[in-house]
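> After the structure tokens below, expect a handful of questions from me.
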Amino acid sequence: MKENFTVYMEDVTIDSTTEILTLIQLIYGIPSILLMIFCTFLVALGKKYRKSTFYVLVLFDLITNILVYVNTWIAIRIEMHPSMVFVLKAIESTFPWLLTWLKYLPYWFFHMHFWTAALLTIHRLTSILFPYQYENFWSRWNLLVFLVVCFFSHLPKYLWDGFLYEVYIVNGQLICINFPTTLDQAINVVAAFSAIYFLLNLAIGLSTAILASKKVEVASSSKMNIKKKLTKISLTYSVVYTAEVIWSVLNSLNSFFHFLPPFFVKLNTNLLVFASDMFTLSLPYILLVYDVNVRSDVFKKKQQISNQGTIVFVSNH
């Protein structure tokens with residue numbers, strides 16, 4: 001059994017590589033999170049998006065990913081920078097034990113990421129298998145589905161003992177107690193679920209793609225275009241999630257077989273954050289590529305702000 005150890009968070013040092021990686025994260029992260037927040041309000045308040053239960057799932061995903069992104073800064077990234085640790089100390093002094101829970105949340109969000117991606121694809125699968133019932137089902141049960149997903153994402157925590165980290169203020173110093181034995185248990189759990197989620201995501205995605213390509217419906221061309229658009233969004237998002245979970249699988253396997261170069265291992269936390277960002281921040285860009293309504297709303301608003309002419313609004317509905 002590995003011995004627990006304590007890190008004095010205010011005494012942390014930083015290297016130039018971490019500073020450069022953080023700058024890169026800010027360069028793509030700030031505009032991406034602003035776009036995500038804008039898309040969240042757009043989908044939540046736009047009347048045209050209320051016509052499809054698919055966008056209720058999109059809204060759930062956007063809100064989840066905003067929380068994921070904010071939490072990665074509080075729970076992981078800020079503590080790498082000595083000049084910013086005072087923010088964490090202020091949080092802990094105001095809300096004792098909050099940082100301990102926030103450092104657990106990345107593991108909870110790991111499971112939530114699977115469900116937010118899977119729900120979009122499952123929605124499209126039900127639209128193919130049950131074309132006349134699926135909207136009624138999702139409009140009636142989506143809140144319950146969200147609560148069940150949140151609950152099940154927490155259950156894997158009980159496969160290891162206690163917290164991985166505990167944060168306190170002791171004698172005026174912010175400290176983090178690390179539990180490496182528990183962390184090893186958690187890594188094993190993540191490894192197992194990474195493999196499971198990879199296979200489930202692949203199965204759901206392929207099933208949806210195959211059925212969507214074979215399904216022939218007697219419907220108006222506009223409705224068929226909408227369904228194709230929503231299917232493309234869900235499948236593309238599923239592919240991006242696959243890229244993230246593959247990194248989790250490789251990272252977990254490396255803890256046993258040690259095949260990754262030392263350079264990657266040294267930068268593991270930063271690289272893991274990049275992998276998470278790739279999925280967390282991707283949905284607004286996917287919507288911009290495939291959804292004419294979102295693209296039109298985003299660029300129409302941008303053009304109104306810059307006062308550079310007008311843009312014609314195109315609706316698929």
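> Equivalent-ellipsoid semi-axes (√(5λ), Cα gyration tensor) for region 5-143, whole Å, largest first?
Working through the eigenvalues yields semi-axes of 38, 17, 13 Å.
> When ligands, DNA and RNA are left out and all protein chains stay put, how many square angstrom of accessible area per residue does the chain have with a 1.4 Å probe?
That works out to 53 Å² per residue.
> Please arrange Arg77, Arg295 by accessible surface area, largest first, computed with a 1.4 Å probe and ligands excluded.
Arg295, Arg77
> Let me check something: with ligands and nucleic acids excluded, how do Glu244, Glu19 order by accessible area (1.4 Å probe), largest to smallest?
Ranked from most to least accessible, the order is Glu19, Glu244.
> Next question, about the same structure. Which of Gln133, Gln185, Gln25 moves most in a GNM of the chain, Cα contacts under 10 Å?
Of Gln133, Gln185, Gln25, the Gaussian network model singles out Gln133 as fluctuating most.
> Given a cut-off of 24 Å, name the pairs among Lys2/Lys89; Lys47/Lys214; Lys48/Lys214; Lys47/Lys300; Lys48/Lys228; Lys2/Lys157 whose C-alpha atoms lie farther apart than that in the structure shown.
Lys2/Lys89; Lys47/Lys214; Lys48/Lys214
> In what sequence, highest mean first, do 86-92, 2-8 appear when ranked by Cβ atoms within 10 angstrom?
Peptide ranking by packing, descending: 86-92, 2-8.
> Now for a different question. Quick one: if you stick a label point 7 Å off each Cα along the C-beta vector at Thr13 and Gln185, how many nm between them?
Using points 7 Å along Cα→Cβ, the separation is 3.4 nm.
> Which percent of the accessible heavy-atom area of region 5-299 goes to carbon and sulfur, probe 1.4 angstrom?
Solvent-exposed carbon and sulfur of region 5-299 make up 72 percent of the total.
> Label-point separation (nm) for Leu206 and Ile177, each offset 7 Å from Cα along Cα-to-Cβ?
Going by the 7 Å Cα→Cβ label model, 4.7 nm.
> Right, another one. Between Trp141 and Phe95, what FRET efficiency follows from the Cβ-Cβ distance if R0 is 41 Å, with the result rounded to 0.05?
With R0 = 41 Å, the Cβ-Cβ based efficiency is 0.75.
> State log₁₀ I(q)/I(0) for region 5-299 at q = 0.11, 0.13 Å⁻¹ as given by the Debye formula over alpha-carbon point scatterers of equal weight, solvent excluded.
Values, matching the q order: -0.72, -0.98.
> Give, rounded to the nearest 20 debye, the magnitude of the charge dipole that the chain has about its Cα centre when Lys and Arg contribute +1 at Cβ and Asp and Glu contribute -1 at Cβ.
With only Lys, Arg, Asp and Glu charged at Cβ, the dipole is about 1860 debye.
> Right, here's the next one. Find the centroid of the Cα atoms in region 105-142 and in region 18-95, then give the distance between the two in whole Å.
Value for the Cα centre distance between the two parts: 22 Å.
> At 0.36 nm per residue, minus the direct Cα-Cα distance, what do Ile30 and Val87 gain on full extension? Give it in nm, one decimal, please.
Taking Ile30 through Val87 to full extension adds about 18.6 nm, to one decimal.
> Further, regarding this structure: Starting from the exponent 0.38 and prefactor 2.2 Å, build the expected Rg for region 127-195 from its residue count and divide its actual Cα Rg by it.
1.80
> At Ile37 and Ala192, where each label point lies 7 Å from the Cα along Cα→Cβ, what is the point-to-point distance in nanometres?
Here the modelled spin labels are 4.0 nm apart.
> From a point 7 Å beyond the Cα of Val292 in the direction of its Cβ, which residues of region 28-48 have a backbone N at a distance under 18 Å?
Inside the label zone: 47-48.
> State the extension gain, in nm to one decimal, for the chain segment bounded by Phe299 and Leu199, taking 0.36 nm per residue of separation less the distance between their alpha-carbons.
Gain on stretching Phe299 to Leu199: 32.3 nm.
> At a probe radius of 1.4 Å, what is the per-residue accessible area of His258, in Å² to the nearest 10?
Solvent-accessible area, nearest 10 Å²: 130 Å².
> Next question. Quick one: among Val56, Val189, Val170, which has the greatest mean-square fluctuation in a GNM of the chain with alpha-carbon springs under 10 angstrom?
Highest fluctuation among the options: Val170.
The values are calculated or read from the model by the stated rules, or taken from the named source; none is laboratory data. Not measured: the values here are computed from a predicted model. Ideal geometry is used to build each Cβ from the backbone, glycine not excepted, and the neighbour counts take in all protein chains shown. Side chains are part of the model used for accessible areas, which takes the heavy atoms of the whole protein and leaves out ligands, DNA and RNA. Shrake-Rupley method; radii C 1.70, N 1.55, O 1.52, S 1.80 Å.
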